[in-house]
Amino acid sequence: MERAMHPLTWRCGAYEFLLARTLVMGIVNVTPDSFSDGGDHAGTEAAITHGRRLVAEGAAILDVGGESTRPGSEPVSVDEELARVVPVVRALAADRIPVSIDTRHAEVAAACVAEGACIINDVSGFRDPAMVEVAVGSGCGLVAMHMLGEPKTMQAEPRYEDVTREVGAYLLDVAMRLESAGVDPERIALDPGIGFGKTLEHNLTLLRDTADFVAQGYPVLIGASRKRFIGELTGVEDPKERLGGSVATALWVASRGAAVVRVHDVAQTVQALAVADALGA
Ligand code: HH2
């Protein structure tokens, strides 16, 4: 869909994305326990095949993750995470696919960048100085996401006075921190972190206020696909049955200027965005 705001570019290592239209980032979980598709593509070969299929369906970027960050999840060891993601990143990057590595660990990010990943997606918002160091030296695109606390506890009792203002200020602060460390601003994308320490009302407010995040001047990435708020709104328990709500959310945020949507169902999202675009939505 044509983006409401003027086109921006997002510099990601060897790739430069012109953000005239909302890009679709396809999710490749190499995890046995993600909330949305746990175990479906857990083996190396299955994950690579899945990633290639998502690109054939129109994904501009693949986001490869080896640690579930769903609410209440236990962290995995760095060795385990490396064993899961490195072979997958290596194969997909060798196909000349733009690969994002979804990790909170500097060691994992560094190993994947060495294998050709062009984006570091850190759901902990580059809190770890070692991660900032990897980010600075990598030349990669960076996705800085807002999360309240840690996955294990983040849904305990999330509270904000003004969720959009607080999350926006947090993200700008991360962007400033990265820039002072030497990151080119054109490499940074911001993500309000749907479902990461937020109630249903917080999630809806953040999504409604997508344009406020876009107005901060950085590309905005939204990950709402199959998430719990859709189940809370509709009563649909099985995440895989949340396609309608996921596509509706992708269209909404695209119409408000989101640069990237992170989704499981790539073909359906690409199709919906193309039709909405033709209609001038
Ligand atoms: N959500 C999840 C993981 N990584 N990264 C960004 N930038 N934004 C998100 O909203 C986001 C993310 C959700 O985590 P998980 O439970 O691992 O499930 P899945 O990867 O299937 O979405």
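One table, with the values for the structure above:
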read-out	value
Breaking point among (1) of a type outside the set (Gly, Ala, Ser); (2) surrounded by fewer than 19 Cβ atoms within 10 Å (Cβ to Cβ); (3) within 19 Å of the chain's Cα centre (by Cα), for Val275	(3)
Gly182 being open to solvent by 20 Å² or more (accessible area, probe 1.4 Å), modelled with pLDDT of 95 or more, away from the ligand (no atom under 16 Å from the Cβ) and within 23 Å of Ala117 (Cα to Cα)	yes
Thr153 being away from the ligand (no atom under 14 Å from the Cβ), modelled with pLDDT under 95 and of a type in the set (Ser, Thr, Tyr)	yes
Long-range neighbours under 9 Å by Cβ, at least six apart or interchain, first residue farther than 16 Å from Phe213 by Cα within region 185-196, second within 9 Å of the ligand (Cβ to nearest atom) and in a strand (DSSP E or B)	Phe196/Met145
Test result for Val263, within 12 Å of the ligand (Cβ to nearest atom) and either crowded, with 23+ Cβ neighbours inside 10 Å or under 21 Å from Val28 (Cα atoms) (or both)	yes
Enumeration of residues in region 102-134 that are under 16 Å from the mean Cα position of the chain (by Cα), open to solvent by less than 10 Å² (accessible area, probe 1.4 Å) and closer than 21 Å to Glu179 by Cβ	Ala109, Cys118, Ile119, Ile120, Asn121, Asp122, Val123, Gly125, Phe126
Condition check for Glu179: within 17 Å of Asp122 (Cα to Cα), of a type in the set (Asp, Glu) and part of a loop (DSSP other than H, G, I, E, B)	no
Selection within region 227-236 - farther than 17 Å from Asp265 by Cα and either among the polar types (S, T, N, Q) or open to solvent by 90 Å² or more (accessible area, probe 1.4 Å) (or both)	Glu232, Leu233, Thr234
Ala169 being more than 20 Å from Ser225 (Cα to Cα), among the small types (Gly, Ala, Ser) and either more than 15 Å from the ligand (Cβ to nearest atom) or within 15 Å of the chain's Cα centre (by Cα) (or both)	yes
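The values are calculated or read from the model by the stated rules, or taken from the named source; none is laboratory data. What you see is a predicted model; the values in this text were computed from it and never measured. Cβ coordinates were reconstructed from backbone atoms using ideal geometry, including for glycine residues, and neighbour counts include every protein chain displayed. Protein only, heavy atoms only, side chains kept; ligands, DNA and RNA dropped before computing areas. Shrake-Rupley method; radii C 1.70, N 1.55, O 1.52, S 1.80 Å.
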